[in-house]
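Any read-out appearing in this document is the output of simple, stated calculations on the displayed coordinates, not a laboratory observation. Quick caveat, the model's predicted, so the values are computed rather than measured. Don't worry about glycine lacking a Cβ; one is built from the backbone with ideal geometry, like all the others, and counts go over all protein chains shown.
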Amino acid sequence: MLMPAVVGSMMFIKKRQMMELFPQSWKSLWKEWELRGMILLSLTAQIVLISLGKRRKYIARIWIRVTVWSAYLLADSIATMAAGILSNDLGEVKKDGTHVDAKHEFTAFWAPLMLLHLGGADTITAFSLEDNELWKRHLFGVVTQSMATFYILFMAWTGSSLSLLFIVMFCVGLVKYSERVWVLYSASDNQFRNSIPDIPSNDSKIMEECKRKQMEGFYLTTHQLLEIEVTDHSANPSTDQSVSHGNELLTAYSLLEMVKRLFANLILGFQDRDASRAIFERTNMSYDKAFKVIEIELSFIYDLLYTKAKAVYTYWGIARRIIGIFLILIVLVVVSLDEILFVKKKYHHSKIDFTLTLVLLAFALLLELCSFVELLLSDQTAHWLIKHKKTTILQTINRTLRTCWFPQHNWSNSIIQFSLLSFSLREKPLHYNHTLKMLGINEMIEIYQYDTPVELSEDLKITIFNEIKRIRPWAEMHSYDTDLKSLYGRRGGRTLQKHNRVDLDWSVKLEFDQSILIWHLATEILYFHDYIPPEEIKRFASSFDPADGRNRLWFERVAPAQHKSDEKEKVPGVGD
């Protein structure tokens with residue numbers, strides 16, 4: 001990102017010196033196609049990012065993470081190197097004392113298109129949270145890349161219509177790239193935390209009212225008054241008719257500020273606690289609705305931290321996209337007509353370069369249109385339309401666009417499971433371990449091998465929901481405080497008390513990471529109580545080899561299953 005034109009020029013000067021070792025035909029082919037190849041590769045990266053960038057939110061597969069990660073890293077580098085090649089080519093032309101011909105004028109037009117690519121797709125601005133902290137580097141990249149593009153414009157300026165279109169696309173690309181930097185800045189840790197409003201306090205207003213009442217002669221006594229404002233969206237029947245899960249969408253958005261405080265590691269106020277409790281303790285709140293609310297909330301947070309949602313869902317963001325679509329369309333039409341006029345005058349650009357330019361402009365227009373469709377189909381747009389009672393527009397969008405567009409999901413409905421025992425036994429040998437170890441990625445890939453996505457069943461959702469609802473009456477019955485801190489500290493102690501296993505109370509009084517590790521091992525070992533048939537146990541026991549460490553651990557897993565159900569000795573709650 002730093003000094004892209006300079007670095008790119010130096011890199012390809014060295015590469016061209018190395019090309020002296022190859023035959024002349026190879027050198028000519030490389031010189032002709034190196035820039036075109038970079039442009040096509042940059043376009044491919046943009047297509048991958050816009051098509052898969054947001055889908056990693058609900059596709060829990062390693063292949064999509066690797067693909068998006070590769071495209072994310074390549075996108076900026078390729079665009080930077082392409083600018084370096086362009087400036088180097090134009091520098092050679094000026095050095096020879098010749099005028100810029102039609103070929104170089106046309107290829108110079110690709111520079112603002114690379115600036116447009118650096119603006120990135122709306123579906124992904126950061127691959128990880130750490131990328132948001134690099135907003136200063138990208139800000140410097142905006143300055144240097146803009147200077148490089150302006151330098152290319154200065155070198156290739158001829159005063160023709162193509163030069164004027166260069167300025168138009170330069171402005172579009174600069175605005176889009178600057179928008180990306182602003183989104184990264186907004187999602188950075190400090191700025192994200194500072195953007196969250198403080199918990200409102202009415203103490204000063206209450207004290208002022210008390211003093212006024214005292215001055216009027218009233219006798220005041222102290223007591224606690226808890227005021228909670230909760231909007232009951234279930235009273236709006238039109239919501240369910242306009243969009244599926246409409247009530248859950250409104251509920252999730254009303255809790256968004258509270259969820260943002262959780263992700264910013266800020267303290268929640270008692271208003272947040274009681275408001276969320278009041279919502280989830282409604283009589284009509286079922287497990288599927290509760291999980292849908294949480295799913296939508298997490299989707300909102302994902303969009304704020306990893307996409308351009310902060311800029312897209314504003315009047316400025318919508319206006320920029322509409323203006324950008326029209327400007328790119330105008331440039332595409334003018335470039336096509338300009339080439340037709342050139343042909344009539346018996347002058348024309350390279351057919352390959354002309355075709356590639358049309359492809360770049362067409363895909364730029366297509367990607368902007370796709371982003372606009374994603375905007376219309378988003379939960380944020382649905383929430384705004386429902387809130388402002390414009391459900392007719394929402395119904396029209398759903399009928400015309402949602403039926404012919406990609407399915408919209410908020411998550412994969414799966415959870416990643418990791419078997420520590422399988423990992424310790426190395427049940428899945430890592431291929432090419434020596435090479436991967438030299439690259440320093442062997443441990444990361446090895447851990448990924450033991451990550452298994454498992455679909456979250458409806459039974460498990462019901463169990464989680466019912467257990468959470470039972471916590472409050474249990475805590476009140478046992479005189480426990482119901483604030484978040486005390487509830488977080490239970491760590492399974494309620495289950496141990498329920499089954500009268502105070503002898504295992506030590507397992508939940510350890511450090512948090514140690515407690516998690518012990519209960520993980522106990523869960524995996526005792527899991528086989530209910531899932532290994534007796535005949536399988538007997539067959540395994542007959543061929544058991546104590547010398548084999550793998551068999552020893554396996555035997556420790558399944559041997560207790562030979563006991564009858566009333567004789568089981570297991571940790572309560574972890575095997576259920």
**Report entry** Separation of the D274 and I416 label points, Cα + 7 Å toward Cβ, nm
**Finding:** 3.9
**Report entry** Distance-filtered residues of region 447-462 - backbone nitrogen under 13 Å, label point 7 angstrom along L436 Cα→Cβ
**Finding:** 447-451
Query raised in the report: Using 7 Å Cα-to-Cβ label points, what is the W26/R426 separation (nm, one decimal)?
Result: 4.1
Query raised in the report: For region 42-186, what relative contact order do you get, as a whole percent, if you take Cα pairs closer than 8 Å and at least 6 residues apart?
Result: 32
Report summary line: With DSSP loop assignment and no more than 16 other C-beta atoms within 10 Å, the chymotrypsin sites (Phe, Trp or Tyr not before Pro) in region 76-179 are W157
Query - Fewest-first ranking of E32, E297, using other Cβ atoms within 10 Å as the exposure measure - result: E32, E297
